[in-house]
Each structure stands twice: as structure tokens, then as C-alpha cells.
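Novice: Please see the structure below; I have some questions.
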Amino acid sequence: MSNLPISRKCLMWLGALALGLLVVFGLEPSVALAAAEHAADSTAHTFTSKVAGDGGAGKGAAFAFWSFALCAVGGSLFVITRRNMVTAVMGMVGTFFAIAGLYLMLYASFLAVMQVLVYAGAIMVLFVFVIMILNRPVDEPWAVQGILGKAIAALGVLYLFKRLAGILWQVKDTHALVLAKDKLDVEVVLNHSDPELLKDLGVLSIRGLKHADVCKSLFAVCRDNTLNHTVADTVKNAYEFGSVEGVGYTLFSKYLFPFEAVSIVLLVAVVGAIAIARPDKNEPEGEAAKEAS
Amino acid sequence: MPQTLTQLLDGSVLAMPIAAGLIMGMLTVNVLMLVWAERKVSAWIQMRMGPTEVGPFGLLQTLADMLKLISKQLITPSNVDKPLYHLAPLLAFAPVVAAVALFPFSESTILVQNDYGLLFVFAFGGIAVIAIFMAGWGSNNKYALLGAIRSVAQNISYEVPLILSALSVVLVVNAMGPTLSSGDGVVAINGLDLSHIVMTQDQQGIWFVVLQPIAAIIYFISALAETNRAPFDIPEAESELVAGFHTEYSGMRFSLFFFAEYTNMLIVSMLAVVLFFGGWDGPVLPGPAWFFLKSYAVIFVMMWVRWTFPRLRFDQLMTFCWKVLIPLSILNLLATAFVIAVL
């Protein structure tokens, strides 16, 4: 432990802190209850009402939530403790899958599938290629040693701790949003909208449909601006949470600049990587040959 | 009428095991038939007889081969990376089974209904890449590692035109209107839902291969590369790499890779049928019959290609993908979007 470089120690502390935070907030009754409650609600919609009736489903979903959470934290601990880099990357894949599972439990199945497709599929392969091409560098990244380094690490860890705690503090808001989506039942929607209008639009057979289909039909209707605005907005917001439309509109309107900026940063990084990896043309022939061998 | 198996069993906990059992049974028969068909097709193209001894027309030959593989000893080479080596065949096998569950065999025969079915199929394809890499790295063998590197590079590259060509179909589906009349009402159209893609073709009376011929061709070429089949079978290239990433695997572990490979053929063919050939749409015969007839027709073309064209070099393969297929598929997507926006 003592001869590990400071950067790795920082990471280990961070992982331990994240685990600690999870445990502490898990033990805190209101958060745990809220999680279980939400889990029960989501199960009720995932399966049929019959399953939700026996009360065991809430525990099952809470169990799923905690196993995903443990998997995510355990995977990230695995990443920073393994010496073999390929094994570490496999730990990271585990983390990605666990996070995808958490997205699924939050109804954001589009985000979940993108998480698997982009991170576990593409980004992971990029990592693997970089590791194989670099062939495990002997030197650890440079880090400040001694008391100064420890102080910097402690500050960094404190800052991240504050940010993490801040995120956990906001859990209740997100939770309320998800609950609002759950409560958006067929009856609620029908009470607030004009049945005649729905009939005209040919969506009256709505009662025979699934919850998701109702939301979708209403969303399609709302897109034509025929319903009054408040109901339309409610339905739209609830349906769009984590859907393709929701993510797309948010990404290309509200967060357009950060989105494009990140793309440019990534492009610059790729160009930079190629520039660094290319053999230096000014280098003498003999040295380049020696390096190649 | 219940649309999905979960509804049929009323949310029972048995739904998952039953669905998994059904799929496994179907896939086993499929793989046995495909291996036999491949040998017969190759024999026919090369004017040979193919398997004739076991059963009528040699039909039971692959069953005998499978029994042999099951009874074989599992050899683990001594210097392998054990966790990765043992995990890889399972990780190659599981996602293909999961992906098959998402396909709509007919309007009322869907095992798992998902709004993002198309994306999930591609995501499961992405997991297979990890499995191939784990197998190649974990085997601690230079042929296996070379095969794995080639395979991963090829899969990642050809995934781009594959998804882009599928995306132009999604654009067309979404342009067909805000709603779609399904069995029991009106639903908002969702181009990422596999059954909606088929229903749109059914109701418009036109297969998307007519509207999107370039996308269909790009899809077919990329699908050949994604399934590592000739002329893109460089990862396995028997003559130079022995067998690529699964060189060190024996017995059932090898057959799990083999199983995954042939099931992948079925998956890309079924996806081609859903995207371009109208899925279960067809006269007289029931939906699933048409669906599988069309899928096996696509598979036959894949076999035909394999026994007709020679293998490409690796640089030709990569150049073709990055300099021809990807620009072409992006242009096709842009043209589709432009036409939709103008109309």
C-alpha cells in the first residue's frame, strides 16, 4: 500500500468513499424507503398489477437496485485495484452494465441501451486497443509526492465528496419526477382531457391499451397541438423522460453548445493521439529502428 | 389476443424460463439445420455430394457431430487467463439468445416487446465483440490474439455502416405518420420498435428494399462482415490463423462459439427481413412461416456468397469500410432525411 503512487491511492480513497456514501445513505431511512417505494412502483408497471399485489415485488426490485449499485461500485473498485490492465477494463465493463441496469429501473431504457451500445461496446474496445498498442507503460503517471501531494489529494477528494453528496441530496427531486410519471395513469389523463376530442382523433379505444401505448398516443396527439396546453405539456414531459424524443430535444436545444463542444474536444483528442503516436520524422534513423525492435 | 409471452402467462414468474427454453430449442434446431445446409450448399456449388451417410440426405450428420462435441473432454491450456478464458464462451452465447427474443415473428407472436428493439439488437451485437476479445486475450496464444484483434477491428468498423443503414429505414418509418393503427387501436409510430417497422411496410404495401435499395445493399455487406463470414472471414482465416480467437477452445466451449456464430447469421438475416423485406408480411401462409422463409432465403444468399468469392486482404477490408461504405451510408442517410424534410 505504501509504495503505491499517490494517484492510485486517491482513486482507492475515492472508491471507498463512494461505497461509504452508498452505505450511509442506504441506512438513512427516508432515502432507503423512497428507493424501495419507487422500486415497487416501477415493478408494478413492468409486470402486471397481479405481481405487485403480493407486496414481494417491492423487495425484489429493491434487491435489484442494490445489486446493480454494488456491482457498479464493486466494478470500479476492481478497475483501480487490478494490476492487469485488461482485467481492469473487464471490471469497467461490469460497471457500465450495472449503470445501464440502473437506467432501466428509472424507465430510461433509451439511455440504458445507449450506455451498453456506446460505452460497453465502442468505448470499451477503444480502451482495449489503446492498452494493447501501448503495451502497458512501465511508468506510472507523474504525481506530486510528499505532504503537498497528500494535501492536494485530500482537497480533491473533499471536493468530489461534496459533489457526490450534492447529487445524493437531489435524489428526492428526481424521485418525485419519476413518481409523477408513474401516477400519470390512464384515468388521470382522461379526466383532464376532452373525451369528445379524443373520440374525434380516433383514440377512444384507449382503455383497451397498455399504459405506455396510451402515453404514446397522447403524445402523438399533443404533438399536433390539438389538446389544451397544460395537459399536453404534462403528458409530454412525463412521456419524454429518458425517451428518444426527450433526450434528442434536450441535447439539440438546451444543451446544444456543450454537446457540440464535447464533440470538438473529442475530435481534437483523436487528432492529438494520432499526432503523438506517429513516429517522429526528424528522429535519426538508427534510433527509430532501435525503438521499433 | 395476448401480444407477448409475458401477457399470455399473466406476468407469471415462469414467463422468463419458458421464453428462454423456447428460444434455446429453436436456436439449437436452427444451428443444426444451418450447419447441414451450409455443407449441402457448398457441396452443391462445388459439385460434390456433401453429407449423405447419417439419416436421410445426411440430415442427422450435425446431430451426431453435436453429440460428439458434448462428449469431448474440455481441455484448459495451462497458461490461460482463467476468468477471461472461462467467461468468454458464455458471454458470446448469452447475448445472441437475448437478441433473438426481441424479434416479432408475426403480429401476435412476440416474445419480448421493447420500444427500442432495434437498438437492443445492436447493443447485444456489441457485447459479442467483448466476448471475442476476452477469448483471444485470455487464450494466451498469438494466433488467438491476432484473430481477436482483427475480429474486433472489423466488427467495430462495420457496425457503423450497419447501424447507419438501419437508421435510414427508421427515418422512413417515422416519416410515414405520427400514428399507426395496430391490432387494437392507434399507437404513436416508433421507428425503433421492430414490429412497428414491419407493420408500416405491411400497411403501406411496400417493402423498404424498394425505398432504400442502397441501405439494403450496405446492410447486407456489413452484415456479412459482422458475422465474420467469407469474403470477410479474415478473423478466422483457417489457412493463416488456424482458427482465430477460438483456437484454444475445445469440446462444448468451442461449440458455444460455433453456436453463437450461426445464431448471429440468423439474427442479421432476421433483422434484414424486418428492415427491408416486410417481416411476416405475405399471402396465404401464416406470419411466422413467411418470416422464417425470408430469413432462410437471406441466409442462403450469405452461403452462396461464401462459396463464390475469395477472401479479402485485411487492408482492403478496412479501406472498403471506411472509404466506401461509411461515406455512402452517411450520404444515404442525409439524402433520406432531405427527401423526408422536403416532402
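The values are calculated or read from the model by the stated rules, or taken from the named source; none is laboratory data. Since we're looking at a predicted model, the values are computed, not measured. Because the Cβ atoms are built from the backbone with ideal geometry, glycine has one as well, and the counts that use them run over all protein chains shown.
Novice: For region B:196-228, which residues satisfy the criterion of being closer than 13 Å to residue B:277 by Cα and either within 14 Å of another protein chain (Cβ to nearest Cβ) or among the basic types (Lys, Arg) (or both)?
Specialist: Of everything in region B:196-228, just one residue is closer than 13 Å to residue B:277 by Cα and either within 14 Å of another protein chain (Cβ to nearest Cβ) or among the basic types (Lys, Arg) (or both), namely B:199.
Novice: Just for helices (runs of 4 or more DSSP H) wholly inside region B:80-188: which have at least 2 residues that are closer than 30 Å to residue B:339 by Cα?
Specialist: Correct list: B:117-138, B:142-175.
Novice: Of all residues in region B:284-337, count the ones that are outside any helix (DSSP H, G or I) and surrounded by fewer than 17 Cβ atoms within 10 Å (Cβ to Cβ).
Specialist: Step one: filter region B:284-337 for residues outside any helix (DSSP H, G or I), giving B:284-286, B:307-313.
Still in the list and also surrounded by fewer than 17 Cβ atoms within 10 Å (Cβ to Cβ): B:284-286, B:307-310, B:313.
Total meeting the criteria: 8.
Novice: Could you tell me whether residue B:130 is crowded, with 23+ Cβ neighbours inside 10 Å, modelled with pLDDT of 80 or more and within 9 Å of another protein chain (Cβ to nearest Cβ)?
Specialist: Details: crowded, with 23+ Cβ neighbours inside 10 Å: yes; modelled with pLDDT of 80 or more: yes; within 9 Å of another protein chain (Cβ to nearest Cβ): yes.
Considered against the rule, which asks whether it is crowded, with 23+ Cβ neighbours inside 10 Å, modelled with pLDDT of 80 or more and within 9 Å of another protein chain (Cβ to nearest Cβ), residue B:130 comes out as yes.
Novice: If you don't mind, there's one more thing I want to ask. What is the number of the single condition among (1) polar (S, T, N, Q); (2) touching a residue at least 60 places away in the same chain (Cβ under 8 Å); (3) surrounded by 15 or more Cβ atoms within 10 Å (Cβ to Cβ) that residue B:46 does not meet?
Specialist: Of everything listed in (1) polar (S, T, N, Q); (2) touching a residue at least 60 places away in the same chain (Cβ under 8 Å); (3) surrounded by 15 or more Cβ atoms within 10 Å (Cβ to Cβ), residue B:46 misses just condition (3).
Novice: Being among the hydrophobic types (A, V, I, L, M, F, W, C), modelled with pLDDT of 55 or more and part of a helix (DSSP H, G or I): is that true of residue A:62 here? Lay out the reasoning, then the answer.
Specialist: Working: among the hydrophobic types (A, V, I, L, M, F, W, C): yes; modelled with pLDDT of 55 or more: yes; part of a helix (DSSP H, G or I): yes.
So residue A:62 fits the description; yes.
Novice: Still on this model: I'd like to check something: does region B:258-274 contain any residue that is over 13 Å from the mean Cα position of the chain (by Cα), buried (at least 23 other Cβ atoms within 10 Å of the Cβ) and closer than 21 Å to residue B:303 by Cβ?
Specialist: No, there is no match, as no residue in region B:258-274 is over 13 Å from the mean Cα position of the chain (by Cα), buried (at least 23 other Cβ atoms within 10 Å of the Cβ) and closer than 21 Å to residue B:303 by Cβ.
Residue-wise test of (1) at pLDDT below 80; (2) in contact with a Ser or Thr (Cβ under 7 Å, 6 or more places away or on another chain); (3) not hydrophobic (A, V, I, L, M, F, W, C).
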site	(1), (2), (3)
B:16	yes, no, no
B:46	no, no, yes
B:62	no, no, yes
B:70	no, no, no
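Novice: Tally the residues that are in contact with a Phe, Trp or Tyr (Cβ under 7 Å, 6 or more places away or on another chain), at pLDDT below 80 and either surrounded by 22 or more Cβ atoms within 10 Å (Cβ to Cβ) or at the interface with another protein chain (Cβ under 10 Å from one of its Cβ atoms) (or both), restricting the search to region B:96-114.
Specialist: Looking only at that region, the number is 1.
Novice: Out of curiosity, is residue B:125 within 11 Å of chain A (Cβ to nearest Cβ), buried (at least 19 other Cβ atoms within 10 Å of the Cβ), closer than 26 Å to residue A:93 by Cα and in contact (Cβ under 8 Å) with a residue 40 or more places away in the chain? Working first, answer last.
Specialist: Values: within 11 Å of chain A (Cβ to nearest Cβ): yes; buried (at least 19 other Cβ atoms within 10 Å of the Cβ): yes; closer than 26 Å to residue A:93 by Cα: yes; in contact (Cβ under 8 Å) with a residue 40 or more places away in the chain: yes.
Yes: the conditions hold for residue B:125.
Novice: Quick one: which of B:232, B:122 is of a type outside the set (A, V, I, L, M), modelled with pLDDT under 85 and under 17 Å from the mean Cα position of the chain (by Cα)?
Specialist: Going through B:232, B:122 in turn, the sole match is B:232.
Novice: Failed condition for residue B:117, given (1) within 12 Å of chain A (Cβ to nearest Cβ); (2) more than 24 Å from residue B:274 (Cβ to Cβ); (3) buried (at least 24 other Cβ atoms within 10 Å of the Cβ), with all others met?
Specialist: The single condition residue B:117 does not satisfy is (2).
Novice: Read through the list (1) in contact (Cβ under 8 Å) with a residue 12 or more places away in the chain; (2) within 18 Å of residue B:164 (Cβ to Cβ), then give the number of the only condition that residue B:213 fails.
Specialist: Among (1) in contact (Cβ under 8 Å) with a residue 12 or more places away in the chain; (2) within 18 Å of residue B:164 (Cβ to Cβ), residue B:213 violates only (1).
Residue-by-condition table, conditions (1) small (Gly, Ala, Ser); (2) over 22 Å from the mean Cα position of the chain (by Cα):
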| site | (1), (2) |
| --- | --- |
| B:250 | yes, yes |
| B:294 | no, no |
| B:309 | no, no |
| B:318 | no, no |
| B:327 | no, yes |
| B:338 | no, yes |
